Amino acid sequence: MATTTATLTVPKAGRRSGAATMPRTRRRVEGVYYLFLLPALILFTLAITIPAVIGIFFSFTDSIGFGDWEFVGLINYVAVFTDPAILQSYLFTFGFAAVTVIVVNVLAFLLAVGLVSRVRLKAGLRAIFVIPMVISGIIIAYVFNFLFSNSLPGLGQAWGIPWLSESILANPDLAWIAIVIVTAWQAIPGTLLIYIAGLLSIPGDVYEAADIDGAGKMQQLLRITLPLVAGYVVINVILGFKNFLNAYDIIVGLTNGGPGTATRSIAMTIFTGFSGGDYAYQMANATIFFVIALILSLLQLRLTRGRNVF
C-alpha cells in the first residue's frame, strides 16, 4: 500500500497564517523602447536642460547676456528679495492666480454639472464651450483689448453710465479684473472637460439611491457629487494655479504690464530684464521662480497620489 507524504509549510514570523504569497516578478523592459525614447531625451536635454543649467550658472555672475562677466556670488539673489518691483510682480502674480483659479473652477464645475444633466443640445453646447481653448491667447487678448478700450466705453457714453465710459484697462486698481475675466474665459473649457469626465465616472446607481432616500438636488450635489469628484478638483486647482503663475501673453495683449507696472507678472519681469541688460539678475529671479514651480509640482504629486483620477 502506497503511503503519501505531506509536506507542511510553517508560516514565517510576521506573516499571516493562510495568506497566499505571490512571487514578485520584475517586468523586463525591451531595449527598443529606450531607443524610441532617445530622440525626445536628446531634444529635451539640448532645448531645456542645458540652457537651464547655463542660466543658473550665470545667475551667480554679473553678465548682461554677452561680453565679459565676473562671479558675484549670491548678490543677485539678495537683490531680488529686496527689489520692490520684483516683489510687486510676485504679489500681483500670486494674487491674480489665486483669484482666477477660484473663478475658473467654480464656473467650470457649475457648467459641467449642467452639461451632464438632462438638457437639450448638451452635445452642441459642449462643443461651443471648448472653442476658447483652441484660440491663441494673444489673439483673445487683442480682441478683448478692443472691447474694453472702445466698445464698452462707447456703450457707456451712449447710455450715460459714467463708470462704463472709461476703459477698465486704464485704471491701475481695476485692470487686473479684465485680465482675470479674459484668462478665465480661455481657461474654463479645459477645466470643464476634466470636470465632465469626473461627473460621468460617477455611477448612476448612487443618485438613484439618493432619490429613493429623498435627497434633494442640492443635497446630492454637496454630499455625493463634490466628494466623489474631489480628486478632479485638486488636480484642476493645482494645475490651474501653476499655469496662471506663468501668465504672459494675455497680459501683454491687454495691458502690457500697465498702467505703469500694476499688472506686470513675474514672467513679464523676467523677459523684460533679459532684453534690458539685466540678464544675470533676472536669471536669479527665474531660478527662484523655477524652485517655486518645482515645489508646486511636488505638492501636486503628493496630493494626487493614489486618487486614481485618470
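How many residues, within region 189-240, are basic (Lys, Arg) and closer than 29 Å to ALA127 by Cβ?
Here the count works out to 1.
Being among the small types (Gly, Ala, Ser) and either modelled with pLDDT of 95 or more or outside any helix (DSSP H, G or I) (or both): is that true of GLY73 here? For GLY73, the condition - among the small types (Gly, Ala, Ser) and either modelled with pLDDT of 95 or more or outside any helix (DSSP H, G or I) (or both) - is met.
ARG126 fulfils the conditions (1) under 20 Å from THR263 (Cβ atoms); (2) touching a Leu at 6+ places or on another chain (Cβ under 8 Å) except for a single criterion, (1). In region 192-210, is there at least one residue being under 26 Å from ALA97 (Cβ atoms), β-branched (Val, Ile, Thr) and either assigned to a helix (DSSP H, G or I) or modelled with pLDDT under 90 (or both)? Looking through region 192-210, at least one residue is under 26 Å from ALA97 (Cβ atoms), β-branched (Val, Ile, Thr) and either assigned to a helix (DSSP H, G or I) or modelled with pLDDT under 90 (or both). Do we find a residue being crowded, with 17+ Cβ neighbours inside 10 Å and in contact with a Gly (Cβ under 8 Å, 6 or more places away or on another chain) anywhere in region 288-303? The answer is no, given that none of the residues of region 288-303 is crowded, with 17+ Cβ neighbours inside 10 Å and in contact with a Gly (Cβ under 8 Å, 6 or more places away or on another chain).
Okay, residues lined up against (1) free of Cβ contacts under 8 Å to residues at least 60 places away in the same chain; (2) aliphatic (A, V, I, L, M); (3) within 28 Å of PRO172 (Cβ to Cβ):
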site: PHE244; (1), (2), (3): no, no, yes
site: ILE251; (1), (2), (3): no, yes, yes
site: PHE271; (1), (2), (3): yes, no, yes
site: LEU294; (1), (2), (3): yes, yes, no
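Go through region 52-63 and report how many residues are crowded, with 16+ Cβ neighbours inside 10 Å and not aromatic (Phe, Trp, Tyr).
The first filter runs over region 52-63 and keeps only residues crowded, with 16+ Cβ neighbours inside 10 Å, leaving 55, 58-61, 63.
Cutting the leftovers down to not aromatic (Phe, Trp, Tyr) gives us 55, 59, 61, 63.
Residues in region 52-63 being crowded, with 16+ Cβ neighbours inside 10 Å and not aromatic (Phe, Trp, Tyr): 4 in total.
Under the condition of being surrounded by 12 or more Cβ atoms within 10 Å (Cβ to Cβ) and in a helix (DSSP H, G or I), the residues counted in region 212-221 number 4. Restricting region 128-160 to residues that are exposed (fewer than 10 other Cβ atoms within 10 Å of the Cβ) and farther than 13 Å from TRP185 by Cα leaves a set whose member that is modelled with the highest pLDDT is TRP159.
Each row is one residue, and each column tells you yes or no for (1) closer than 17 Å to ALA108 by Cα; (2) surrounded by 15 or more Cβ atoms within 10 Å (Cβ to Cβ); (3) charged (D, E, K, R); (4) over 27 Å from the mean Cα position of the chain (by Cα).
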| site | (1), (2), (3), (4) |
| --- | --- |
| VAL206 | no, no, no, yes |
| VAL229 | yes, yes, no, no |
| ILE251 | no, yes, no, no |
| THR255 | no, yes, no, no |
| ARG264 | no, yes, yes, no |
| ALA267 | no, yes, no, no |
| GLY273 | no, yes, no, no |
| GLY277 | no, no, no, yes |
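All of (1) out of contact with any Pro (no Cβ under 7 Å at 6 or more places or on another chain); (2) free of Cβ contacts under 8 Å to residues at least 24 places away in the same chain; (3) farther than 20 Å from GLY257 by Cβ hold for LEU193 with one exception: (2).
The values are calculated or read from the model by the stated rules, or taken from the named source; none is laboratory data. Just so it is clear, the model here is predicted, and its values are computed rather than measured. So basically every Cβ, Gly included, is an ideal-geometry build from the backbone, and we count neighbours across all protein chains shown.
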